[in-house]
Amino acid sequence: MDRRASVFGLSLFCAGLLTPLSFAMAKNVADICIGYSNTAVLQYQEAVQRKCGFSGPRWSNNTPHHYNWCIRGNNHKRANVENQRRAQELQQCKAKAKGPGSVADQCIKYANVAVQQYQEAKNRKCGFTGPRWSNNTPHHYNWCIRGNNHKRANFENQRRAQEVQQCKAKAKGPGSGSIADTCTNYANVAVQQYQQAKNRNCGFTGPRWSNSTPHHFNWCIRGNNHKIAVAQNQRRAQELASCK
């Protein structure tokens, strides 16, 4: 235990200003703060060795500085949180160290793929916007390297790939056998079925029974809905057959 804290606590105890319980608590707080300040300085030294470039009062090689912060008020209750925050920043600094298989390596690959996807979307005139669709490689890299974003990097690239795939499908013309062609046929049949149901006074309602061709096309083109488009038209045909 820090000698100053021991002497001060002991003097208060002898003066009758501290009970045995509160004296023990004061000793415990001092122990916590000694451990905290020692850890903080070790973390500072590691950051210097790794050339992380951290600065500010949280990154100090002054043991009394950290101890005095900890011992004030209830700061000792936040001591573990402070050391954990430094540990997280050190982890991010380690990740930025280049090398095959490192987080930095993963984020470089992620950023390169993201920019390639942006370029493909631009060439196809997909019209995608927002921070996910940027031609700025550092922008994508910096997003990836923050916190645990690298664990979501593959998912982000997959989402962009899906959107590009949908853009491709919409770009194809009639008779090409494309998804867009399939959905165009689906939407036309769906509207014809709606018209038949209306003529027969079947009274069918809901989004499946709409006279909007774009409504049916947009439903079909989303995700893998085109794979169940024929089944949807067959269901409507069955319902029409029951309405005479």
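Computed from the coordinates by the stated procedures, all read-outs in this text should not be read as laboratory data. None of these values were measured; they are calculated from a predicted model. Using ideal geometry, Cβ is built from the backbone for each residue, glycine included, and neighbour counts are taken over all protein chains shown.
The mean sequence distance of close C-alpha pairs (under 8 Å, at least 6 residues apart), as a share of the length of segment 179-241, puts its relative contact order at 46 percent.
Summing charges over all other residues whose Cβ lies under 13 Å from the Cβ of Gln117, with Lys and Arg as +1 and Asp and Glu as -1, gives +4. Here the relative contact order of segment 99-161, from alpha carbon pairs under 8 Å that lie six or more residues apart, stands at 43 percent. Each peptide in 60-66, 38-44 was scored by the mean count of other Cβ atoms within 10 Å over its residues; highest first, the order is 38-44, 60-66. Which net charge results when you count Lys and Arg as +1 and Asp and Glu as -1 among the other residues whose beta-carbon is under 14 Å from that of Ala241? Once all neighbours under 14 Å are counted, the net charge is +3. Packing around the peptides 201-209, 233-241, taken as the average count of other Cβ atoms within 10 Å per residue, puts them in this order, highest first: 233-241, 201-209. Fewest neighbouring Cβ atoms within 10 Å first, the residues Phe155, Phe128, Phe217 line up as Phe155, Phe128, Phe217.
Can you tally the net charge around Pro57? Count Lys and Arg as +1, Asp and Glu as -1, for every other residue whose Cβ sits under 15 Å from the Cβ of Pro57.
+3
Across segment 28-173, Cα pairs under 8 Å and at least six residues apart give a relative contact order of 20 percent. Name the residue from Cys220, Ile179, Ala241 whose Cα lies farthest towards the positive end of the charge dipole of segment 179-241, charges +1 on Cβ of Lys and Arg and -1 on Cβ of Asp and Glu. Farthest along the dipole direction, towards plus: Ala241.
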